[in-house]
Each structure stands twice: as C-alpha cells, then as structure tokens.
1. Restricting to the range 132-165, count the residues that are in contact with a Ser or Thr (Cβ under 6 Å, 6 or more places away or on another chain), crowded, with 20+ Cβ neighbours inside 10 Å and of a type in the set (V, I, T).
2. As an exercise: evaluate G56 against (1) of a type outside the set (D, E, K, R); (2) open to solvent by less than 50 Å² (accessible area, probe 1.4 Å); (3) at negative phi and give the number of the one condition it does not meet.
3. Taking P168 as the residue in question, decide whether it is open to solvent by 40 Å² or more (accessible area, probe 1.4 Å), within 30 Å of S75 (Cα to Cα) and without any contact (Cβ under 8 Å) to a residue 40 or more places away in the chain.
4. Could you check, for the range 189-196, whether at least one of its residues is over 21 Å from Q233 (Cβ atoms) and assigned to a strand (DSSP E or B)?
5. Can you tell me which residues in the range 275-314 are more than 29 Å from Q233 (Cβ to Cβ), buried (at least 17 other Cβ atoms within 10 Å of the Cβ) and among the hydrophobic types (A, V, I, L, M, F, W, C)?
6. Considering only the range 237-249, I want to know if a residue exists there that is assigned to a helix (DSSP H, G or I), of a type in the set (V, I, T), modelled with pLDDT of 95 or more and more than 30 Å from P120 (Cβ to Cβ).
7. Mind checking whether some residue in the range 184-196 is more than 26 Å from V36 (Cα to Cα), surrounded by 20 or more Cβ atoms within 10 Å (Cβ to Cβ) and without any contact (Cβ under 8 Å) to a residue 40 or more places away in the chain?
8. Checking R45 against (1) open to solvent by 30 Å² or more (accessible area, probe 1.4 Å); (2) farther than 13 Å from L93 by Cβ; (3) part of a helix (DSSP H, G or I), which single condition isn't satisfied?
Amino acid sequence: MKKTLLTVLYFSIIFLFILTNFAGAQEYKIGISQFVEHPSLDLAREGFVDQLAEEGFVEGENLQIDLQNAQADFSTAQTIAQRFNQNKLDLVLAIATPSAQTAANVISETPVLITAVTDPVEAGVVNSMEAPGGNVTGTTDMNPVAKQLELIKQFLPELNTLGILYNPGEVNSVVQVDLAKEKAKEMGVSVEEGTVSNSSEVSLAVSSLVGSVDAIYVPTDNIIVSAMPTVLQTAYNNQIPVFASENNSVEQGAIATLGIDYYQLGRQTGSMAARILNGAAPAEMAVESSEELKLYINQKSASEIGLEIPADLLESADTIF
C-alpha cells in the first residue's frame, strides 16, 4: 500500500511539472500578407521573421505563420485581409502599401503591423506617424527622393529629361513621383511619365520613353520593381541608364541608388511585433523609419552602357556590384 502511494505521488509530481512547464506555454499565430514577390519585400519579410526568432518567437516552436501573397492583385489582397480577420490571430503583418490599406480597412481588432509602406498617413492606414491610433502601426520605407535625384545628376551632369515609371494606382508611388517632380523642377529637369496598371504593360511603358529621356528613375513601385528585368532589358538595349530607389534593383542591374536596407527594416518591424506580442498597444507606438542610408552602385551595368562613374562616388559607395 505504501509503495502504491509513493508511486502515485511520484507520478503526480511528474504530471505537475509537465503542466507547469508546458501547459502555460503560449503559441502565437501571425498572418503575413505580402502584396507581391520581389527582393526588397522578400527581405523585409525575412528580417521580420529573423528578428522575432531572436526575441523568442520561433516559427515551428511557439509561433505559427500563415504567409499569403496577393501576386500584385488588389482583390486578392482584400480576400487575404478578410480571411485574416476571421481567423483568431495574435498579429498581422502587411507588407507594401496595397496590403497595408486592405488590412487596415478590414481588420479592426487584431494588431496590424505594416512595413515597406511609403506614406502611411497619405495611404490612410494611420492617423499620424507619431500617434497612429487604432490597431495599426509599423515602419515606413519613405525614400530620400530628392537625394536620389541629386545622385542621378552626379552621374549625368547634363541631365535634361528624366523618365519615371510607376503605377498611378499605388498611392505610395504617386507620393514619390510628386516629390520627384518637385525636385526635378528645382533642378531644371523635365519629367516624362511612363505609367502602368499591371506588369504586362511595363515593357510598353519603358519603350514609350525611348528617344525622349536621358535616364529612367524607378520609385519603390511594387509592379515596376517586380518587373525590373524587363525594365532593364528594354532600357539598356537603347542605352538608357536606369536608377532605382532600393538596393535590390541595383543588384539586379540598375545603375545606382541611395537607399535603405529592407532586411534591416524588416528586423525593425519584427522588434515592434515582439513588443506587441508582449503586451504593447499599437496605438501608442509611433511609426518608425530607417535612418541609415547606403550608396549602392552597379559598376558592371554602368560599364555595359558606357556610363562613367564619378571617382568620388565609387570611393564612397557602401556596396559595389
């Protein structure tokens, strides 16, 4: 009898130990809505997941991630947001402005983090950068558009006409184009626009600029950036230099940019996510931006179209491809 009681007591202690150490462990569920696949957005997502893991939220252990991609389709982004709203999620990450807009419009209870969104206020996803209000906050990838145009002028001192490719249906792109026009006017440079509504129109839009522009500038427009190989092929076949707004387009072949590191932006967003999962309120968290800018140059592309890179830019470049 005594032996039986001891056995029961032993297994009771083991059972209590298991309950104490495992029953209270919470598993978190996150939905990620990415508008389209291209290197910058992919890196932002990877940085987000890596930072969460570093802060103790590890996929496959105490974290489930439902990754959905809208493939640059607005109605699909809407469907993803509606699905996430119905599921019992602890947090939603919306990558790029269209996904951020649909998530903010549809999801009202679950905390929503945004990243790679140029102007969250203009896009209507937060009340202000300092005090977002509601359930949405995150990080912005607002580009130093004026500095990027100054960089183009350093490569092309005789620049007269600049072509800009973008989708006017993306508010993030419109914001950047307006800034570019303002800076171009200040520089005495005229602007020609090549607009698209989907990726199938990109080649035609680039071709429409041939013969009338000295260079092409690509803002962080999701459709254009996702079709960067098409832009580069058409432009370089006509000896037109292409300047980008983010480093991955330069790695693919654009001449240069002064921009942010999207992987680090994703990590910054991941840090905000960890704070929210630990109890912080999104409404009280200011939208954050990346303060560090880096100069990226593709020496091979410049050489292939006969464009000379100023020596001082080569010396100061953070990365040369």
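1. 2
2. Condition (3) is where G56 drops out.
3. yes
4. yes
5. I276, L277, M285, V287
6. The answer is no; no qualifying residue exists.
7. Looking for residues that are more than 26 Å from V36 (Cα to Cα), surrounded by 20 or more Cβ atoms within 10 Å (Cβ to Cβ) and without any contact (Cβ under 8 Å) to a residue 40 or more places away in the chain, one finds at least one in the range 184-196, hence yes.
8. For R45, the failing item is (2).
The values are calculated or read from the model by the stated rules, or taken from the named source; none is laboratory data. Because the structure is predicted, anything quoted here is derived from the model rather than measured. Reconstructed Cβ throughout: ideal geometry from the backbone, glycine too, with neighbour counts over all protein chains shown. Please note that ligands, DNA and RNA were not included when accessible areas were found on the heavy atoms of the full protein model with its side chains. Shrake-Rupley method; radii C 1.70, N 1.55, O 1.52, S 1.80 Å.
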